[in-house]
Structures are given as C-alpha cells and as structure tokens.
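Each remark here refers to the structure printed beneath this line.
Bear in mind these aren't lab numbers, they're just calculated from the coordinates by the rules spelled out. Treat the numbers as computed from the prediction; the structure is a model and nothing was measured. Positions of Cβ are generated from backbone atoms using ideal geometry, with glycine treated the same way; all protein chains shown enter the neighbour counts.
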Amino acid sequence: MDQEPSLRTSVAGIELLHPIMNASGFLGYSKEHIRRLASYGFSAIVTKTITPYPKKGYDPPIIIALSNGGLLNAVGLENPGKECINEMVEEAKKLGIPIIISVGGATEEEFAEVAEEAELRGATAIELNLSCPHAKGYGIEIGMDPQKVFSVVKNVASVTKIPVIAKLGLSDKVLESAGKALEAGASGLTLINTIKAMAIDIYSLKPILTNVFGGLSGPPIHPIAVRVVYEVYREYKADIIGCGGVTKWEDVAEFVVAGARAVEVGTAIIFSTTQHKFVEEMLDSLRNWLKMLGFKGIEEVVGIAQKI
Amino acid sequence: MDQEPSLRTSVAGIELLHPIMNASGFLGYSKEHIRRLASYGFSAIVTKTITPYPKKGYDPPIIIALSNGGLLNAVGLENPGKECINEMVEEAKKLGIPIIISVGGATEEEFAEVAEEAELRGATAIELNLSCPHAKGYGIEIGMDPQKVFSVVKNVASVTKIPVIAKLGLSDKVLESAGKALEAGASGLTLINTIKAMAIDIYSLKPILTNVFGGLSGPPIHPIAVRVVYEVYREYKADIIGCGGVTKWEDVAEFVVAGARAVEVGTAIIFSTTQHKFVEEMLDSLRNWLKMLGFKGIEEVVGIAQKI
Amino acid sequence: MLESTRLRYIVKPARVIENKPISGSMHILRIELIRHSVEVEPFNFFNIWVPRVDEIPLSIAYADSKSLFFIYRIRGVGTKTLSQLKPGEFIGVKGPLGKGFKPLNNRRWLIVAGGVGIAPVPFLLSFAIKTNTKIDVIWGVKKSDEFFDLSNVFGLKQRGWRLIKVSEDCQDGLCGTALSVLNSVSINDYDVVLAIGPQQMLLSFCRMLKDRENVYVSLENMVKCGIGVCGSCYLKGSHKLLCIDGPVFKCSEVVDHLESSIS
Amino acid sequence: MLESTRLRYIVKPARVIENKPISGSMHILRIELIRHSVEVEPFNFFNIWVPRVDEIPLSIAYADSKSLFFIYRIRGVGTKTLSQLKPGEFIGVKGPLGKGFKPLNNRRWLIVAGGVGIAPVPFLLSFAIKTNTKIDVIWGVKKSDEFFDLSNVFGLKQRGWRLIKVSEDCQDGLCGTALSVLNSVSINDYDVVLAIGPQQMLLSFCRMLKDRENVYVSLENMVKCGIGVCGSCYLKGSHKLLCIDGPVFKCSEVVDHLESSIS
Ligand SMILES: Cc1cc2nc3c(=O)[nH]c(=O)nc-3n(C[C@H](O)[C@H](O)[C@H](O)COP(=O)(O)OP(=O)(O)OC[C@H]3O[C@@H](n4cnc5c(N)ncnc54)[C@H](O)[C@@H]3O)c2cc1C
Ligand SMILES: Cc1cc2nc3c(=O)[nH]c(=O)nc-3n(C[C@H](O)[C@H](O)[C@H](O)COP(=O)(O)OP(=O)(O)OC[C@H]3O[C@@H](n4cnc5c(N)ncnc54)[C@H](O)[C@@H]3O)c2cc1C
Ligand SMILES: Cc1cc2nc3c(=O)[nH]c(=O)nc-3n(C[C@H](O)[C@H](O)[C@H](O)COP(=O)(O)O)c2cc1C
Ligand SMILES: Cc1cc2nc3c(=O)[nH]c(=O)nc-3n(C[C@H](O)[C@H](O)[C@H](O)COP(=O)(O)O)c2cc1C
Ligand code: FES
Ligand code: FES
C-alpha cells in the first residue's frame, strides 16, 4: 500500500494540517463566525480585519456578485474593534484551530495596538492588512508605498513575538513592498488583496456600490495573484500565502507550485453549494494529484514551477 | 413612429458611425487582416502595435484561454515593422473605414518615427501603446511613469497633426499618467490594456506561456477597466475609449455611462461564435436600450453615471 | 449549480410597475426583471437596491411569470425612499436569497403573522393551493386599517386556506393579539406551525411552544450583504447565518438568539 | 456555445501514453486528457504544447473514447523534443481547433495525401465507415519506408475504403507521385476530392483541377495562436484565417495564397 501524500505545511512559523485557510473578511468578528468558519474545515482561521475601535463600514450595497464570476465589495472594514479578539481566540482554542488576527489601522500606532491585543489574547499570528483597495487611509495607500510598508511592519514586529504576516495588494511596487516587509521583520506574506474596480447599473445609470468603488475578488483575479506570488517567491523565496480566486483544487496547486506554502480562500466559499465539504474535497484532490506526480508531501512542490 | 436613437459618436476628433471598434492586437498587420476586421462591422479599425522595424515576438504558446473566462497573452509585439502601414491604410480607405495605427517603440524617437509614417500614409489617427505588460521596454514601464508618458506623447504630438490617443494600462498612477498625456497633447485616451498575469500547468509544473508572464484580458478585467474609465473621466472629462472585457452590449453601455465615447473589443471576438454578426447585434441592443431610457443618441449618456 | 448561485447574487435590474399603499401601514411593490428570470420559493427574500440609497431585504410576497411582488412597511430612510419610486423607475434586486420553506403535499400548516409579517404569506398560500396543503393563517395587527384583502390583491383562489384576523383595536376580526388566539387553537392538528412578525412576538411564540418539534419562526435580523459574507446576520450563540440558512428556523435554533437580542 | 469555444482554447493537460516511430519518417503519439473530454471531427487539429519548448499544430489522426492520436514527422526543435517525450510525461493540448470537415452519408471521396499528409486520414476513414461513405486514398511518399499499415495501427475496419500506395523510390505500391496517379483516376466519380501534403503538391493539385467545384485542400500555414488572434496563419489575398476557417479550403479560396507563398 502506498502512503497517502501529506498535506501538512507550515507558513511563517505556523504549523498547518493542510494548506487551505479562509481569506480575511469572510465573516470573522465574533465567536459565532469563528465557529462557522471552523466548520468549513479550514486549517486556520483568519479574522476580519480588526481596528482598535469599532468601525461602521459602508451602507449597503456592500457586496455584489458580477457577471464575470467575481465579487465586488466595499464593506469598509466594518468591525466591532479590538474587544472582539478575545472571544474569537477563545473560541478557536476551544476548537483547537490556529487563529490569525487580521489587523488594520489608520496609523502605525493603531496597527501596533491591535497587534498587541492579539498577542495578549493568545492569537497564533497576525496578518497586517496593508492593502484594502477601498478603505481610505487604511489600505492600499500603505501597501503601494514600500517605505510605509516597512515602517508599519517594523513597528508591529517590534512589539509582538508572534508571527507577523504582511498582506499586500496588487500595485506597481508590490515586489519592492514585499522585500521591505520581509526586511522589517515579517515572517510571511499574503498575496494578494482585492483589486479596485466598480460596476454600474445601466438602467438607473448609477454605480451599484454605495461606496462607488470596491475590490474585485474571485476567479477574475486569480491569474494576477499567481503572477504576484511567482514573482515575489522568485525574488525572495519567502513564506507566502497565496490569495485570490481559489475556486478549485487546481488553483491551490497552482499557487503552491508558484511558491505559496498555503492559500486563503474567500469568494469561493460563497459560490460553493457544498460549503461544508468543499475544503475536504479540495484536499482529497490535492492528495491524488501529489500521488499521481509521485510526491510524498505538498511541501516538496512549493515553488517547483520556478525551475524552467 | 419614434426615431431610432443614434449611435454616432466622435472620439479624439474621429467621427464614428457607432462606438464599437476592435482592440489593438487582434489581427492588424496586413491588408488581409484589415479586410477581416472590417467584415466584423467595427466602426474603425485599430491595427496591431507597429514598431519601426520588424519585431519577431515570442515563441508559442503566446495566447491561451483561461478557465476564468479570460485570455492570457504574450505575443511580444510581433509585427512586420512600419512598412506594413501603407497597405493597411490603403485597404481601409478602399473599405471606407477609419483606421487607427497603434504605435509602439523602445524610445521616444521610435514612437515618433512610426507616427510620422502613419500620418504620411494617411491614417486617421494614432494610438500610442504605452502599456503592454509583457514586452520589455516597450510598454507598461512607460505608462507607469507619468513623466515618460508626457514626453512620449509630447514628442509624437509635436510631429503629427492627426489625433494622438494614448493607451494606458492599469497602474498605481494611471490617473496622473492620463493627466500628463492630455497635457502633452493627446486628443484622447484608451483605457486599459491587459493586466500582467500568468498561468501554470500543474502537471508538467511549468508556466504555460513561453514568456512566463503575459497580459490578462477579457471579462475578468472589465470591472477594473470601468473603474479606471470612471476615475479618469471624473478627473479630466477627457475623450476616452473604454477597453477591457467588452463581451456583451451591456459592457459597452457600462463603459459609456462611466465616461467612454467609444469602446474597443478584443477577447470577445475570439469567443464569439457569430463573429460576423456580434457587433451588429450589440448595436441593435444598444439602440433598444437608449430608446427604452428615452435618449436620442448615445452621446447623451456619456459619463452620465458620474452624477450620483 | 455554481452558476445559479452566482446569478442569484448578481444585482439584477428591474423596473417598477406598481408601488402604492395597500393598507393603513403597508405598501405593495410590483416589479419586473428586465433581463433575468428567477425561480422563487416561499420565504425567499430579495435585497432591493434603491439606487444610491440603500439595499433593503424584503420577503417575496408573490410572484407570477412576469412580476415579483413585495409588501412593506415604511420604517426608515430606505423604505421611505422606496415608497417614493414611481412606475417606470429602475431598481435592482439581489436574490432570491435565503432558503425557501415550502409545504409538501397534503399537509396542514398554521401561520401566525404579526403586522407586516403577513408579507410572505400570499406566495406561500399560492404554493399551498398547488400542493393541496391546508393553511390556517392567524393575522394579528395593532390597528385594523392595516388589514388588506389578501386574496383579492393577488387573485388567490379561496380554497384550502382560512384567514383569522385579529386586531388590537378590536375593530375588525377577533380582538387581541395573534398569539392570544393561538391559545384557543389545537396545535396538534398541524404538521407545521410557523410564526412571523416582530421579534418580541417570535420570542413569546417560541417560549409558548418550546417543547414541540414542528414549530418554526421566520426571523428578521440585520441583513447587509445577503450572501453569507459580511456576518451581520449571524444568530447569537449559533453558527448560523440568517441570510443563507434562514430566514426560517426551528424555534430551538433561535431561542438563544432571541433571548439575547431582546433585553 | 461560448463556453465550448473557451474550453477548446484552454490548454488542457494530457499524459503521453505512447510515443514512437511507426515508419521510416513518422511517429505516432497517443495521449490521454487528464481532466477534460473533447469532441473531435476529422481535420480538426490540436496545438500540442511541449512544456517550455513549443506549441505545435498537429492534425487529429485518430480518437477513441479515451485517447487522442497524432502522426507527425520530425522537422525542427519542436517536433524533435516531442519525439523524445516518454509515456507518463505531461503535455498540454489546445483544441480541437479549426473546422471539422466530414463526409455526409453515402458519398464518394477521393483523398490525395503526400507524405505525412496522411495524418488526418485514419480518423476520416473511421468517420466514413460510420456514414457509409466510400473513400479512395492515394498516398504518395518519397521513400517506401515511410509507409505504415493504416488499418492495423488504429484497428480500422477494412470496409468502404481503399488505399493506393505510390512511392517515388518505386519499392512499394505504384511508382511515381501521388499526383501522377491522379491523372489515371476518373475524378467525376467522386463527390469530394481533397489533397493534403506539401504546399507545392497542393498548388499543382489546384492548378490541375481548378475548374471544378468540389476540390479541396487541407492546408498548412504558420499557426501560432491557433485561435484567430495573432494573424500569423492568414491566407494571402483573402480575409481567411487557416486556424479558424480551415485547415480545409476550396482550391479557389487558396490558389492566390499558394501562388504567392511558393516562389
Ligand atoms: C429576511 C428579511 C425579510 C424581510 N421582509 C420584509 C418584508 O417583506 N416587508 C417589510 O416591510 N420588511 C421586511 N423586512 C424588514 C426590512 O428589511 C426593514 O424594514 C428595512 O430594511 C428597513 O430599512 P429602512 O432603511 O427603511 O430603515 P432603517 O432606517 O435602516 O432602520 C429602521 C429599522 O429597520 C431595521 N432594519 C434596518 N435595516 C435592516 C436590514 N438591512 N435588515 C433587517 N432589518 C433592518 C432596524 O431594526 C431599524 O431599527 C425584512 C427583513 C429581513 C431580514
Ligand atoms: C493545421 C496544421 C496541421 C498539421 N498537422 C500535422 C500533422 O498531423 N503531422 C505533422 O507532422 N505535421 C503537421 N503539421 C506541421 C507541423 O505543425 C510542423 O511540422 C511543426 O510545427 C514543425 O515544428 P518544429 O518546431 O519541429 O519545426 P521548426 O523548427 O519550427 O520549423 C520547421 C519547419 O516547419 C514549419 N513550421 C514550423 N512551425 C510551424 C507552425 N506553427 N505551423 C505550421 N508550420 C510550421 C516551417 O515551415 C519550418 O520551416 C501541421 C501544421 C498545421 C498548420
Ligand atoms: C466581502 C469581502 C471582504 C473582505 N474583507 C477583507 C478584510 O477585512 N481584510 C482583508 O485583508 N481582506 C479582505 N478581503 C479580501 C480577501 O481577504 C481576499 O484577499 C480577496 O477576496 C481575494 O481572495 P478571493 O478571490 O479568494 O476572495 C475581503 C474580500 C471580500 C470579498
Ligand atoms: C493577443 C493579444 C494581443 C494584443 N496586442 C496588443 C497590441 O499589440 N497593442 C496594444 O495596445 N494592445 C494589445 N492587446 C491588448 C488589447 O488591445 C486590449 O487592451 C486588451 O485585450 C483588453 O481588451 P479585451 O478584454 O476586450 O481583450 C493585446 C491583447 C491580446 C489578447
Ligand atoms: S447578511 Fe451578510 S452574512 Fe448574512
Ligand atoms: S494562428 Fe493565430 S490567427 Fe491563426
């Protein structure tokens, strides 16, 4: 009997039973949310981006599906503030699952404040959201500027001992920003966030999202995300979490061979009609794939497509 | 009897019977290509990007379809050099259709050289390709840098009297680059080009395109392109040609209400099973739409979604 | 499957055909989708996009081959603006959302509706008529002028269902609240008992009938995205989301939520 | 429709099952698609992706429920590398590309194949057998060791078709070129006469039969994208593209192209 290939992986020092976690912003600011996300079978839970104080977010419509298979959102980083971290971490511990707190802020100090709370409450790691394309002052303006990335990451890494992962979005300087994040002490990178986009209703002749602009996610952005992962891995051989348009197991595989040690899934959760099985189904297929190619574990194929 | 709404439009001083032209790079470097493009019913023909001297391009695979509904290409600006402009312009004149020469170059002088040839041969206008995401030195490096955009456009505009349209791609500074292009004398803007992306085969574990990276086009990029058009129109009220993922008449309408006076269609040509009818079908639907909303012509709705 | 989910979550353009008061406190909205068609079940809801103003979850009140109908009460800015839309204006709808909840053949159902909680009932009745399920509806309102003629508005056949009206102003129908009438009904005769209306009413309902298996409520909660992403509609103490697991739940699933929501 | 076009243009992973010489100059490649299935017609071709090396247009030679077969000759780096792939290795295929060209019921066809031009013939014969069309194949080669046993390789039934072998070295079959035999055939007996092989042969063929309606050639041309975008496969003097309008054309459509390609 052949042994089943292993899907165990580690990223940024976090040990994972398998490479599939959820993407930030799909639920994730209450213990109930954590319970639901855990029931999907993710190997770790990533929370919604948490800011120090409650943030109201935009008025609906905040999330809509598009005819190109993607999702467009401008939630506006709505969250109840850092107080919710405690109950989420407790819930995750009860369930025995690693929990990564996504951290947002308008200033370096705000990032550090939430990160400290996360560490204090016993979170597994921190993901710095440096890339939201539609929350003014909280997002992509930071990730686009390698110097700002450096100082936010540095500031957070200097006050916390748990792993710090920097989440970057698509930008002209994403490669440089990635380098700066690593230099500043990030143990890993999540690539990428949504891409700024919009949709207009051609009958009422109005933009649909209340915020007018939003972030595009889902299958449309996948080939772009794979490209970013590939380029960043090629340059830095960093620990990368691939994010963007993972819908089928093949997308996970593609991210991994491009250089990701794990992936995050967002949009696909919603479109799946078998939410409580689809992670498991992807894992089965990934095992079969590794077996077919003669590999013993998924870590063997991380970045293997770089050899050309 | 109601009068049919008019689809006549003008962009960058070019009078068009209707707003739908082809996007550069879908055929377009021989008289035979022009004839075929004309047979699709476009209101103007845009050629493949022409450089002063023949350019070989990459080895196949150069263009592949993706499971997300998009197309990924790295053709490498293959073209026979500026000598082919003459026969194309002659053919277009024979067919009575405006022809826009897409111009590429590795230096400011090269852009000017092709532009002069285009004017000499009697082309209707010039589209400067400042945005190819995969042809080293010929593309997005220019469009990303507002100063370079300024000097290329300026240089070309100073040697030609026919309209100069600057084609820009997605970049952090697209708004600024658009402004610089207009300042330098561009009569219009084409927004946007493909977005840098890649695809990896998970069995052979290799990137599929010979060039590894390519440009993503088609429905996946449409909401991003609409956003760019909307932002640029909001800022400058410029003459804009919307480009990116136009597949159905609704996409044309969306671009127009965002601020475009015309659109270019690329990827959809290939996936259409009724190539010789699909422009006509879109035009019919656009007329019905305008009628339903009570407008007399498409020019009335350009940018109308800016009023929010 | 995937495609159909996606289609549900797209904001589909629609035209207002009719939009007017039908009773002292309620309005009826009739719309036609412009380019799509949808399949709807009772208790599905739609997020109604009022351009540049709001996205409002409303239960499907009735659907025929061409139109979708909604019944709503003005509560805040969103519903107020909605009520001002004129025939010919355009809106968008995201949906059908939520899980349908519909009768199998030859059942007996009891519905207890409070106020505008009546909204999904006409469509439910039309399904019941088709499946030969008998439905008794207790409809309670504060003021009698809230009543409208259920069967007339949607042309429902007067077969297989009964309406028991109850008003607190005692001007029409029985006198009291919907729940007060429930005490005099023999619950055991029904395969399904379902309440819909204000949270306080649902809480009392579930407390009254908590030991039974077949009692349901159709809940309201803060619905923002409607598609299971934003988390705003989660039920406290549960991992359920109203927008994709509901709006109909067993009392046992929501009693914690109701207890902690109503202080 | 749209979806099916897209699927054709995706590079679909495939595994090499068999890849070996079948005659003095030709190789046979048998592959299995890993995750897709395709519907193929005679004269469709596939762009075979040899990872990191090339993408090579090859005609479908035969297809059964599980496998696709190709017959090819080594010409340059691409085909050379292809010939070195071992069973178990992975490639990708884009296709089926081009328009199919298949017999209606109960026709008579004459095929004139030069060299590796024989590639699409086995699949065509399997279609002809099904549709009761009678096909005569004149297969000319330079050296007799290029011949392989058509029916054996693909297990074709020996019914409804005849093979006339012609070699320039006169070691096997008739002596001469495929076209020289054509002179002694009564063309009028056939509903369709189609030539496939080197350009020079196709040009001579079209010149010989230019006054007839039902004469076709299956052309080769520089195919890069295979999907009608890059323009490399255009026919000179025409607005046709080989990759989406061909590879089979009437002689009248391609004679200008052939004349100007061959100097
Ligand atoms: C599944 C579902 C089905 C519903 N069906 C109907 C129906 O058929 N007819 C009907 O009249 N009403 C229905 N409602 C309630 C309706 O959505 C609210 O009345 C409406 O959203 C109020 O919007 P507003 O802007 O007018 O009020 P606001 O000014 O926003 O608020 C007024 C009050 O309405 C409630 N509310 C506001 N927004 C929401 C929201 N997004 N979701 C839920 N409650 C909200 C709040 O409790 C608030 O106190 C339904 C709600 C849900 C969740
Ligand atoms: C529709 C079509 C069907 C074909 N079917 C078969 C077949 O079934 N069996 C077979 O052996 N050959 C077939 N060919 C020809 C085959 O594609 C070429 O032999 C092959 O591409 C050569 O590649 P290479 O890298 O080995 O040679 P290269 O080193 O690239 O070139 C060698 C010669 O092959 C020709 N060639 C190169 N690339 C192409 C290309 N992309 N398209 C066309 N010709 C090219 C050129 O004329 C060149 O002189 C077909 C060609 C087309 C267009
Ligand atoms: C509705 C929604 C909300 C999101 N909220 C956040 C967030 O709070 N923080 C964050 O870092 N990313 C957020 N994202 C981005 C996702 O985490 C992810 O980067 C993106 O959706 C791409 O992945 P996907 O294609 O799998 O959805 C959000 C995305 C969506 C669609
Ligand atoms: C195969 C291919 C070749 C292209 N070549 C060019 C080119 O030569 N010059 C140019 O400006 N844009 C080129 N483009 C970009 C298109 O003109 C267009 O901007 C892009 O495809 C988005 O439009 P679409 O989604 O309608 O295809 C090319 C795109 C493709 C797919
Ligand atoms: S309303 Fe957003 S998750 Fe239910
Ligand atoms: S091969 Fe590219 S157009 Fe035919």
Which longest uninterrupted range of chain D lacks any GluC sites (Glu not before Pro) assigned by DSSP to a loop state (not H, G, I, E or B) and surrounded by at most 13 other Cβ atoms within 10 Å? D:40-212
Less than 10 Å Cβ to Cβ from D:Cys175, Lys/Arg counted +1 and Asp/Glu -1: what total charge do the surrounding residues give? -3
Name the trypsin sites (Lys or Arg not before Pro) in the range C:172-263 that are in a loop by DSSP and that have at most 11 other C-beta atoms within 10 Å, would you? C:Lys210
Using the Karplus curve 6.51 cos²θ - 1.76 cosθ + 1.60 with θ = phi - 60°, work out ³J(HN,Hα) for each residue of the range A:23-32 in order, rounded to whole Hz, and write x for Gly and Pro. 8, 4, x, 9, 6, x, 9, 8, 5, 4
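Per the Kirkwood formula on distinct C-alpha pairs, the Rh of the range B:6-54 is how many angstrom?
11.7
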Order of C:Arg108, D:Arg159 from fewest to most other C-beta atoms within 10 Å? D:Arg159, C:Arg108
Please list, short to long, the whole-number percent of alpha-carbon pairs of the protein assembly as shown in consecutive 10 angstrom bins beginning at zero. 2, 10, 17, 19, 19, 16, 10, 5, 2, 0, 0, 0
About the Cα centre of the range A:99-197, what is the dipole size in debye to 20, counting +1 per Lys and Arg Cβ and -1 per Asp and Glu Cβ, all else neutral? 260
Could you tell me how far the Cα centroid of the range B:1-60 sits from the Cα centroid of the range C:1-76, in Å? 42
Straight-line reach from D:Lys102: which aspartates and glutamates have Cα under 13 Å away, leaving out those fewer than 8 places along the same chain? D:Glu41, D:Asp191
Per residue of C:237-243, what is the mean number of Cβ atoms on other protein chains within 10 angstrom of that residue's Cβ? 3
Go through the range B:76-84 residue by residue and turn each phi into a ³J(HN,Hα) via Karplus (6.51, -1.76, 1.60, θ = phi - 60°); whole Hz please, and just put x for glycine and proline. x, 6, 3, 6, x, x, 5, 4, 7
Treating only the Cβ atoms of Lys and Arg (+1) and Asp and Glu (-1) as charged, compute the dipole magnitude of the range B:211-308 about its Cα centre; round to the nearest 20 debye. 180
Taking all pairs of different Cα atoms in chain A, averaging 1/r and flipping that mean, what Kirkwood radius in angstroms comes out? 19.0
Taking amide H atoms as placed 1.01 Å from N in the peptide plane, list the residues 5 or more away in sequence, or in a different chain, whose amide H sits under 5 Å from that of D:Val248. D:Lys99, D:Leu219
Expressed in nm to one decimal, what extension gain is obtained for the pair C:Lys236 and C:Asp189 from 0.36 nm per residue of sequence separation less their Cα-Cα distance? 13.7 nm
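Could you work out the local net charge near A:Ser30, counting Lys and Arg as +1, Asp and Glu as -1, over the other residues with Cβ closer than 15 Å to its Cβ?
Local net charge: +4.
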In the range A:43-77, which trypsin sites (Lys or Arg not before Pro) are in a loop and have at most 16 other Cβ atoms within 10 Å, using DSSP for the loop call? A:Lys56
Cα-based convex hull, the range D:7-97, per residue volume (Å³, whole number): 86
Two-decimal Rg/Rh across chain D, once Rg and the Kirkwood Rh are taken from alpha-carbon atoms: 0.94
Can you give the mean number of other chain Cβ atoms that lie within 10 Å of the Cβ atoms in peptide A:213-225? 6
Excluding near-sequence neighbours (fewer than 8 apart on one chain), the range D:108-262 holds lysine pairs with C-alpha atoms under 16 Å apart numbering 8
Pop a pseudo-label 7 angstrom from the Cα along the beta-carbon direction at both D:Ser260 and A:His276 and give the gap in nm to one decimal. 6.7
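Over 28 Å between Cα atoms: which of A:Lys206/B:Lys154; A:Lys291/D:Lys12; A:Lys94/A:Lys237; A:Lys237/B:Lys56; B:Lys154/B:Lys307 fall into that group?
Among A:Lys206/B:Lys154; A:Lys291/D:Lys12; A:Lys94/A:Lys237; A:Lys237/B:Lys56; B:Lys154/B:Lys307, the Cα-Cα distance tops 28 Å for A:Lys206/B:Lys154; A:Lys94/A:Lys237; A:Lys237/B:Lys56; B:Lys154/B:Lys307.
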For C:Lys12, what residues show an amide H to amide H distance below 5 Å, using hydrogens built from the backbone and excluding near sequence neighbours? C:Val93, C:Lys94, C:Gly95
Förster-model FRET efficiency, 35 Å R0, C:Asn214 and C:Lys86, C-beta, rounded to 0.05: 0.20
Loop-resident chymotrypsin sites (Phe, Trp or Tyr not before Pro) in the range A:102-202 with no more than 16 other Cβ atoms inside 10 Å, DSSP not H/G/I/E/B, are none
Cα-based Rg/(2.2 N^0.38 Å) for the range C:108-262, rounded to two decimals, is 1.04
Which of B:Val212, D:Val53, A:Val159 has the fewest other C-beta atoms within 10 Å, and how do the rest follow up to the most? A:Val159, D:Val53, B:Val212
Quick one: net charge around C:Ser232, please, counting Lys, Arg +1 and Asp, Glu -1 for every other residue with C-beta under 9 Å from its C-beta. 0
Dipole-positive endmost among B:Gly105, B:Ala115, B:Val229 within chain B (Cβ charges, Cα centre): B:Val229
Rounded to the nearest 20 Debye, what is the dipole magnitude of chain A about its Cα centre when Lys and Arg each give +1 and Asp and Glu each give -1 at the C-beta? 220
Give the distance, in whole Å, between the Cα centre of the range C:102-129 and the Cα centre of the range A:174-241. 46
Ranking of C:Leu182, C:Leu7 by count of other Cβ atoms within 10 Å, fewest first: C:Leu7, C:Leu182
Non-local amide H neighbours of B:Glu127 (under 5 Å, H modeled in plane, Pro and chain starts lacking H): which ones? B:Ile101, B:Ser102, B:Val103, B:Ile165
Give the aspartates and glutamates reachable from B:Lys31 as a straight Cα distance under 18 Å; neighbours fewer than 8 places away on the same chain don't count. B:Glu78, B:Glu83, B:Glu87, B:Glu90, B:Glu91, B:Glu117, B:Glu119, D:Asp245, D:Glu253, D:Asp256, D:Glu259
For the range C:108-262, build the charge dipole from Cβ charges (+1 Lys, Arg; -1 Asp, Glu) around the Cα centre, then report which of C:Val166, C:Leu156, C:Gln200 sits farthest towards its positive end. C:Leu156
Whichever aspartates and glutamates have a C-alpha closer than 17 Å to that of A:Lys180, once near sequence neighbours (fewer than 8 apart) are set aside: A:Glu108, A:Glu127, A:Glu141, A:Asp145, A:Asp172, A:Glu231, A:Glu235, A:Asp239
Where Rh is the Kirkwood radius over Cα pairs, Rg/Rh for the range A:33-122: 1.02
